[in-house]
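A quick write-up on the structure given underneath.
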Amino acid sequence: MARSCPFGACDGSGILVDEAARTASFCRCRGQVVATARARGLSAVIPRKYRGVSFDRPPITTIRDGIVARVRAYVRDLDARLDAGEGLWLYGPVGTGKTSLAMLVSSAALDAGRSVAIYSLPRLLAEIRTTFDDDSPGTYTDLLDRLASVDLLHIDDVGAEKTSAWVLEQLYALINTRYEDERAVIITTNLERDDLAEQINERTVSRLEEMCEVLPVTGADLRRQTFGLAEPEPADVSPARWDVA
Ligand SMILES: Nc1ncnc2c1ncn2[C@@H]1O[C@H](COP(=O)(O)OP(=O)(O)OP(=O)(O)O)[C@@H](O)[C@H]1O
Ligand SMILES: [Mg+2]
């Protein structure tokens, strides 16, 4: 499908042509055109499970109002928040709706014509690792470059598995580049801040903390309720070192 200009100014190419004056200039959306082109080859697809996710339907309607309101506010100000490099950090126990909330944001960003890369952390790290294979079609620097330049980098399940120090260095390099360039990141994790820092390195977590609004997604495991199992006690995640209303 041909890309359209989110400002309704150009034909989607990022170039404004003035036929009468026979001049051409860059459109406001030019940066997005470049980012979208560079993002090609990255995963920018909402997984099937989350395609119908909406503020009006479960599981989002079952999540604590205050948290949903913050995500709704983010989506409302999406362009400004992305342009400012502000992201979201959603943490909490298993099955509370973190990935669903994050997919809502990524989906809104894609709809707004922004470039998005969506990965679980294990998949992202595996992708980085494969660039070192002899038969890899792309180079490491090229992949990192593309991951660093998308408008929104969505990383799901951060801290889900232990990995090598080398791979964590690559993750740090990626997050640090985005931090320096003020580009937004959205992450979901089951871990509390200090446990996450132990898992993926303090320097990476420190930067993410500054780049993201931190939102605890508490409650019971919605997956267990889906199949009518005995309702578990709601797990509690204290805001720990974060001050969340
Ligand atoms: N589009 C959808 N429609 C209805 N329910 C959905 C949809 N997407 C996800 N769910 C349900 O929402 C619940 C929470 O799922 P989600 O994957 O967002 O949780 P999570 O907090 O990311 O879990 P985890 O910590 O295990 O990654 C699950 O019961 C899931 O089946
Ligand atoms: Mg999840």
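Would you mind finding the one in VAL185, VAL167, VAL105 that is among the β-branched types (Val, Ile, Thr), open to solvent by less than 20 Å² (accessible area, probe 1.4 Å) and more than 30 Å from ASP56 (Cβ to Cβ)? Steps first, please.
Numbers: VAL185 fails: more than 30 Å from ASP56 (Cβ to Cβ); VAL105 fails: more than 30 Å from ASP56 (Cβ to Cβ).
The unique qualifying residue is VAL167.
A quick yes/no check of all residues on (1) in contact with a helix residue (DSSP H, G or I) (Cβ under 7 Å, 6 or more places away or on another chain); (2) more than 17 Å from LEU174 (Cα to Cα):
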| position | (1), (2) |
| --- | --- |
| LEU104 | yes, yes |
| ALA108 | yes, yes |
| ASP111 | no, yes |
| ALA117 | yes, no |
| ASP133 | no, yes |
| SER136 | yes, yes |
| VAL150 | yes, no |
| ASP156 | yes, no |
| ALA160 | yes, yes |
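I'm checking my understanding of the structure. Among residues of the stretch 59-87 that are within 13 Å of ligand 1 (Cβ to nearest atom) and in contact (Cβ under 8 Å) with a residue 60 or more places away in the chain, which one is nearest to the chain's Cα centre (by Cα)?
Taking the stretch 59-87 as the starting set, the residues that turn out to be within 13 Å of ligand 1 (Cβ to nearest atom) are 59-64, 67-68, 71.
Right, trim to in contact (Cβ under 8 Å) with a residue 60 or more places away in the chain and you get 59, 62-64, 67, 71.
Working: PRO59: 19, THR62: 22, ILE63: 19, ARG64: 21, ILE67: 17, VAL71: 13 Å.
Of everything passing the filter in the stretch 59-87, VAL71 is nearest to the chain's Cα centre (by Cα).
Of a type in the set (Asp, Glu), free of Cβ contacts under 8 Å to residues at least 12 places away in the same chain and either within 16 Å of ligand 1 (Cβ to nearest atom) or open to solvent by 40 Å² or more (accessible area, probe 1.4 Å) (or both), is that true of ASP135? Give the derivation first.
Values: of a type in the set (Asp, Glu): yes; free of Cβ contacts under 8 Å to residues at least 12 places away in the same chain: yes; either within 16 Å of ligand 1 (Cβ to nearest atom) or open to solvent by 40 Å² or more (accessible area, probe 1.4 Å) (or both): yes.
Against the criterion (of a type in the set (Asp, Glu), free of Cβ contacts under 8 Å to residues at least 12 places away in the same chain and either within 16 Å of ligand 1 (Cβ to nearest atom) or open to solvent by 40 Å² or more (accessible area, probe 1.4 Å) (or both)), ASP135 qualifies.
If I ask for residues that are more than 15 Å from the chain's Cα centre (by Cα) and within 16 Å of ligand 2 (Cβ to nearest atom), which ones from the stretch 160-194 would you list?
Residues satisfying the conditions are ALA160, GLU161, ASN190, LEU191, GLU192.
Regarding the stretch 33-47, can at least one residue be identified that is closer than 30 Å to GLY219 by Cα, at pLDDT below 85 and either out of contact with any Lys or Arg (no Cβ under 9 Å at 6 or more places or on another chain) or not small (Gly, Ala, Ser) (or both)?
yes
The values are calculated or read from the model by the stated rules, or taken from the named source; none is laboratory data. These numbers come from a predicted model, not from an experiment. Backbone-built Cβ (ideal geometry, glycine too); neighbour counts: all protein chains shown. In case anyone asks, the SASA skips ligands and DNA or RNA and just uses the protein heavy atoms, side chains included. Shrake-Rupley method; radii C 1.70, N 1.55, O 1.52, S 1.80 Å.
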